[in-house]
Amino acid sequence: MIYLIALALIGVAGLLLFMLREAFADRIIYKELSFPEFPETFGEIKLFFISDIHRRTVSETIIGEIKEKKPDLVIIGGDLLERGVPFDRVRKNLLGLKECGPVYFVWGNNDYEVDYHQLDALLLECGVKILDNTALSFESEEGERFILLGTDDFSKERDRLDLALEDAGSDGFRVLVSHDPRIINSIEKEQNIHLVLSGHTHGGQIHILGYSPYEKGRIKVLPQTTILISNGYGTTGVPLRLGAKSETHFITLKKAGILASK
């Protein structure tokens, strides 16, 4: 009996250690996405997307690798922190990501657990552009446009996709950043939002016998848009993961049929 109990305890300890490793993994998923509508004159656009940092410090491993890849845009998909996270840690994360490229941020639900006025000031101090129901336009020399849109948090009912679309103008290739993937229920095909970047669900974070309230993060091609739902970089509640390993994303956008350079 004692032998069986010891084996069970070893098994539990091993599982917890594995879950801890999954939660603190430094993983970058590289993905090339091709769209017929992507403006060919841009060649390709490289995005680094990180969501749901929460209590973690973005590692030097991640920062170093992404700096070498030289992304055009660094995008924080919300939940940069949560209640109890010191602002010094947030500042360190922001300055580290700033080393990789220009940084853009959308609000998540946990960002509102702190003094969000103080967070807003810190973002501005660190030179981070906040996309709160707004859009930014990037134009090639030939006049084609790439549009980055961002909405405020959906779960707090602060999202105004209509305002972001109005800000975006009438044409251009559109990428929408929204912390909560449920924003897709507000998207219509005619709005020409080609890609959505989101997080929030943590990919379920812990799957018991393969089951969790949320599915693992992945890319979905839907009738109205394509969406990337990330497992996220950090955790909430317990610092453990099972079946939904921590992840960040390096996305290369290009025109369908055009090979991206290596």
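Quote to one decimal, in nm, the extra length available between Glu40 and Glu188 on full extension: 0.36 nm per residue of separation minus the C-alpha distance between them.
Numbers: separation 148, 0.36 × 148 = 53.28 nm, distance 2.44 nm.
Taking 0.36 nm per residue and subtracting the Cα distance, the gain is 50.8 nm.
Normalising by the residue count of segment 88-142, find the relative contact order in percent from Cα pairs under 8 Å and 6+ residues apart. Could you put the intermediate results ahead of the total?
On the way: 25 pairs, mean separation 24.5, N = 55.
Computed over segment 88-142, the figure is 45 percent.
Using the Cβ atoms and a cut-off under 14 Å, what net charge is assigned to the surroundings of Ala256, where Lys and Arg are +1 and Asp and Glu are -1? Could the numbers behind the result be given before it?
Numbers: positive: Lys254, Lys255; negative: Glu32, Glu37, Glu40, Glu44.
Residues close to Ala256 contribute a combined charge of -2.
Measure off, as a whole percent, the carbon and sulfur share of the 1.4 Å-probe accessible area of the chain, all protein chains present.
Values: 6960 of 12640 Å².
Of all accessible area on the chain, carbon and sulfur atoms account for 55 percent.
In Å², and per residue, what accessible area does segment 96-208 have when probed at 1.4 Å with the other protein chains present? List each step's numbers first, then the result.
Working: 4790 Å² over 113 residues.
That works out to 42 Å² per residue.
Using a 10 Å cut-off on Cβ atoms, rank the peptides 73-81, 57-65 from the highest mean neighbour count down.
Numbers: 73-81: 26.7, 57-65: 15.4.
Top of the packing list down: 73-81, 57-65.
Given the peptides 175-183, 37-45, arrange them by the average over their residues of other C-beta atoms within 10 Å, most packed first. Intermediate results must be reported in sequence, preceding the final value.
On the way: 175-183: 24.9, 37-45: 16.8.
Final packing ranking: 175-183, 37-45.
Too long at a 31 Å Cα-Cα cut-off: which of Lys92/Lys189; Lys70/Lys255; Lys92/Lys220; Lys69/Lys255; Lys70/Lys216; Lys46/Lys92?
Cα-Cα > 31 Å for Lys92/Lys189; Lys92/Lys220; rest within.
Summing -39500 (n - 2.57) over the DSSP H runs of n ≥ 4 in the chain and dividing by its residue number, what mean residue ellipticity at 222 nm do you reach, to the nearest 500 deg cm²/dmol?
On the way: 5 runs with 62 residues, N = 262.
Only helices count here, giving -7500 deg cm²/dmol.
Taking the Cα centre of each part, how many Å lie between segment 36-92 and segment 210-233?
18
Give the Kirkwood hydrodynamic radius (Å, one decimal) of the chain, defined as one over the mean of 1/r across all pairs of different Cα atoms.
Values: mean 1/r = 0.0524 Å⁻¹.
One over the average 1/r among Cα pairs gives 19.1 Å for the chain.
Taking K and R as +1 and D and E as -1, what net charge do the other residues with C-beta under 14 Å from the C-beta of Leu20 add up to? Present the calculation step by step, with values, prior to reporting the outcome.
On the way: positive: Arg21, Arg55, Arg56, Arg241, Lys245; negative: Glu22, Asp26.
Here the charged neighbours net out to +3.
Taking the Cβ of Arg218 as the centre, find all other residues whose Cβ is under 13 Å away and add up their charges (Lys, Arg: +1; Asp, Glu: -1).
Details: positive: Lys31, Lys216, Lys220, Lys245; negative: Glu215, Glu247.
Summing Lys/Arg as +1 and Asp/Glu as -1 gives +2.
For the chain, return all DSSP H helices satisfying: extent of Cα atoms along own axis at least 20 Å; mean Kyte-Doolittle hydropathy at least 1.6.
Values: long enough: 2-23 (31 Å, 2.10).
Those that pass (Cα extent of 20 Å or more, hydropathy at least 1.6) are 2-23.
Please compute the contact order of the chain in relative form: average sequence separation of alpha-carbon pairs under 8 Å and at least six residues apart, divided by the residue count, as a percent.
Details: 586 pairs, mean separation 72.6, N = 262.
Across the chain, relative contact order equals 28 percent.
Which sequence of Ser34, Ser212 reflects their accessible areas, 1.4 Å probe, from the largest down? If you can, show how the numbers build up before the last one.
On the way: Ser34 60, Ser212 15 Å².
So the residues, ranked largest to smallest area, are Ser34, Ser212.
The values are calculated or read from the model by the stated rules, or taken from the named source; none is laboratory data. These numbers were taken from a predicted model, which means no experiment stands behind them. Cβ coordinates were reconstructed from backbone atoms using ideal geometry, including for glycine residues, and neighbour counts include every protein chain displayed. Heads up: the accessible areas ignore ligands, DNA and RNA and are worked out on the full protein's heavy atoms, side chains in. Shrake-Rupley method; radii C 1.70, N 1.55, O 1.52, S 1.80 Å.
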